[in-house]
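Trainee: The structure under discussion is supplied below as structure tokens; questions concerning it will follow.
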Amino acid sequence: MKFFADTAEIDAIRELADAGLLDGVTTNPSLIHKSGRDFMEVTGEICGIVDGPVSAEVVALDHATMMREAEVLRKIADNVCIKVPLTIDGLKTCRALTGEGTMVNVTLCFSANQALLAAKAGATFVSPFVGRHDDNGFDGMDLIRDIRLIYDNYGFGTEILVASVRHVIHVLEAARIGADVMTAPPAVIKSLANHVLTDKGIEGFLADWAKTGQTILK
Ligand code: G3P
């Protein structure tokens, strides 16, 4: 499963990239707002750090303006992936852009039928929001299971990008189901490394090492 960081924070992206944990980045207007940075500038900087897809979202609601915005965004770098909302205009934009060889991430997906439409429109990625699904009393992971089943039934090439990931169990479940990608805040990705027995083990080894009176670095 590929790991994308769901953030526009440069330091966090760099840290994960340096650890070899990053296959791409997703941003959205809220994350750009949170970063306090200029959209074009920060997206360009992220594209320079990560080789994989970097999602940049259009904000227009109609197809013609989405295309004009996408034209601006895809000039930032070759690895920009245009993010469009799961609406008919968004799907029309998706079809046009992927037809021209541009990657497209269809976002704000909340049903398997919507994901079916994204695949039919030729999306590179579809982003079902599991956390927001859970927030509203539905099981976000059931949605991922349904989409996996439907995509496999018909051999759709659209990658399932699990989004709105809030905690490590979302990541575990996404991997169990066979999602192609998950995007999570850097803190969630880093917390995958946490285990109390790892901490306890380090503590025990260091205590015994101290008793030997030895050093590795002379
Ligand atoms: O990947 C989508 C994400 O940015 C939304 O996450 O936590 O605001 O639902 P959240």
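Each reported figure results from applying straightforward, stated rules to the coordinates on display, with no laboratory input. Quantities reported herein were computed from a predicted structural model and do not represent experimental measurements. Glycine gets a Cβ as well: all are built from the backbone with ideal geometry, and neighbour counts include every protein chain shown.
Trainee: For ASP6, enumerate residues with amide H under 5 Å from its amide H, sequence gap 5+ or separate chain, H modeled in the peptide plane.
Mentor: The answer is THR26, ALA184.
Trainee: Between ALA175 and ASP38, what is the spin-label point distance in nm, taking each point 7 Å from the Cα along the Cα→C-beta axis?
Mentor: Inter-label distance under the simple model: 4.0 nm.
Trainee: May I have the pair-distance distribution P(r) for segment 100-191, computed from all Cα-Cα distances with 10 Å bins from 0 and rounded to whole percent?
Mentor: All Cα pairs considered, the percentages come to 18, 53, 26, 4.
Trainee: Using 0.36 nm per residue of separation minus the Cα-Cα distance, give me the extension gain between SER111 and ASP142 in nm, one decimal. Could you put the intermediate results ahead of the total?
Mentor: Numbers: separation 31, 0.36 × 31 = 11.16 nm, distance 1.00 nm.
Contour length minus the Cα-Cα distance gives 10.2 nm.
Trainee: Can I ask one more? May I ask you to order 162-172, 207-217 by the average number of other C-beta atoms within 10 Å around their residues, highest value first?
Mentor: 162-172, 207-217
Trainee: Further question on the same structure: Within segment 20-110, which trypsin sites (Lys or Arg not before Pro) sit in a loop by DSSP and count at most 12 neighbouring Cβ atoms inside 10 Å?
Mentor: The qualifying sites are LYS75.
Trainee: Just subtract the alpha-carbon distance of LEU61 and ARG166 from 0.36 nm times their residue separation and send over the number in nm, one decimal. Numbers along the way, then the final one.
Mentor: Working: separation 105, 0.36 × 105 = 37.80 nm, distance 2.75 nm.
Result for the pair: 35.1 nm of gain on full extension.
Trainee: Next question. Let me understand segment 2-212 better: what is its radius of gyration from the alpha carbons, and its Dmax, in angstrom?
Mentor: When restricted to Cα atoms, segment 2-212 yields Rg and Dmax of 18.6, 71 Å.
Trainee: For segment 73-138, calculate the relative contact order in percent as a whole number, restricting contacts to Cα pairs under 8 Å that are 6 or more residues apart.
Mentor: Numbers: 91 pairs, mean separation 18.9, N = 66.
Once normalised by length, the contact order is 29 percent.
Trainee: Measure out, as a whole number of angstrom, how far apart the alpha-carbon centroids of segment 164-217 and segment 116-153 sit.
Mentor: That distance is 28 Å.
Trainee: Mind counting lysine pairs for me in segment 1-158? Cα separation below 23 Å, and the two need to be 8 or more apart along the chain or on different chains.
Mentor: 8
Trainee: Now for a different question. Can you give the relative contact order of the chain as a percent, counting alpha carbon pairs under 8 Å and 6+ residues apart?
Mentor: Working: 372 pairs, mean separation 36.9, N = 218.
17 percent.
Trainee: Is it possible to state the helix-based mean residue ellipticity at 222 nm for the chain, with each DSSP H run of 4+ residues giving -39500 (n - 2.57), the sum divided by total residues, to the nearest 500 deg cm²/dmol? What is it?
Mentor: Details: 11 runs with 113 residues, N = 218.
Rounded to the nearest 500, the figure is -15500 deg cm²/dmol.
Trainee: Full-extension gain between ARG14 and VAL72, please, as 0.36 nm times their residue separation minus the C-alpha to C-alpha distance. Each step should come with its number before you reach the end.
Mentor: Numbers: separation 58, 0.36 × 58 = 20.88 nm, distance 2.49 nm.
Contour length minus Cα-Cα distance gives 18.4 nm.
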